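Asker: So that we are looking at the same thing, I have put the structure below in structure tokens.
The values are calculated or read from the model by the stated rules, or taken from the named source; none is laboratory data. What you see is a predicted model, and the numbers here were worked out from it, not measured in a lab. Cβ placement follows ideal geometry from the backbone for every residue including glycine, while neighbour counts extend to all protein chains displayed.
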């Protein structure tokens, strides 16, 4: 970190946490999606949101927490007591980039398009700025391509039932065609 002495209230800025941790997280196969530093709670909290092509499981989050704690402990200017939380993005995180859709492959998503239309489908793949969704068309399923630029909002939907075999077949076939 370049400005260790510039910590306000004894805690680093989010950009400083990212600078300190991103190399080790990347070596573990994860990237830091977001960092929050909340000094309004007691004790203050540093929250690191990590994600990768394979979502971090509990063991991975534990290991990333250990690494983050060790690295933060090396910063002499970090004098305040704090709680460190390393977590993965929640299911309600908006999908805003190609990597988010790639990581959500096979998941059902709800889209709000820029033209005001709404669409629900299962992510089959994404490449070159285009998301491929398996959508219901009448009594069957089809694949629809949608440019990321045409998506105003996208979120993963929580499902309580299994998708149909035909829907999953199209997801798998479309993913293979896209090399995913």
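Asker: Can you find a residue in the range 30-43 that is closer than 28 Å to residue 101 by Cβ and either assigned by TED's automatic domain parsing to the domain that holds residue 105 or out of contact with any strand residue (DSSP E or B) (no Cβ under 8 Å at 6 or more places or on another chain) (or both)?
Answerer: The answer is no; no qualifying residue exists.
Asker: What is the one condition in (1) out of contact with any helix residue (DSSP H, G or I) (no Cβ under 9 Å at 6 or more places or on another chain); (2) over 28 Å from residue 59 (Cα atoms) that residue 131 does not satisfy?
Answerer: (1)
Asker: In contact with a strand residue (DSSP E or B) (Cβ under 7 Å, 6 or more places away or on another chain), under 29 Å from residue 162 (Cα atoms) and surrounded by fewer than 15 Cβ atoms within 10 Å (Cβ to Cβ) - does that describe any residue in the range 81-90?
Answerer: First, pick out the residues of the range 81-90 that are in contact with a strand residue (DSSP E or B) (Cβ under 7 Å, 6 or more places away or on another chain): 82-89.
Among the residues that remain, those that are also under 29 Å from residue 162 (Cα atoms) are: 87-89.
Checking the rest, the ones that are also surrounded by fewer than 15 Cβ atoms within 10 Å (Cβ to Cβ) come to none.
Looking through the range 81-90, none of the residues is in contact with a strand residue (DSSP E or B) (Cβ under 7 Å, 6 or more places away or on another chain), under 29 Å from residue 162 (Cα atoms) and surrounded by fewer than 15 Cβ atoms within 10 Å (Cβ to Cβ).
Asker: Sticking with this one: Does residue 70 meet the test of being exposed (fewer than 14 other Cβ atoms within 10 Å of the Cβ), without any contact (Cβ under 8 Å) to a residue 60 or more places away in the chain and not in a loop (DSSP other than H, G, I, E, B)?
Answerer: Numbers: exposed (fewer than 14 other Cβ atoms within 10 Å of the Cβ): yes; without any contact (Cβ under 8 Å) to a residue 60 or more places away in the chain: yes; not in a loop (DSSP other than H, G, I, E, B): yes.
So residue 70 passes the test.
Asker: Residues 95, 21: which one is surrounded by 12 or more Cβ atoms within 10 Å (Cβ to Cβ), under 30 Å from residue 129 (Cα atoms), touching a residue at least 60 places away in the same chain (Cβ under 8 Å) and touching a strand residue (DSSP E or B) at 6+ places or on another chain (Cβ under 8 Å)?
Answerer: 95
Asker: Just checking, does the range 153-168 include any residue being farther than 12 Å from residue 106 by Cα, at pLDDT 90 or above and in a loop (DSSP other than H, G, I, E, B)?
Answerer: For the range 153-168, residues farther than 12 Å from residue 106 by Cα, at pLDDT 90 or above and in a loop (DSSP other than H, G, I, E, B): absent.
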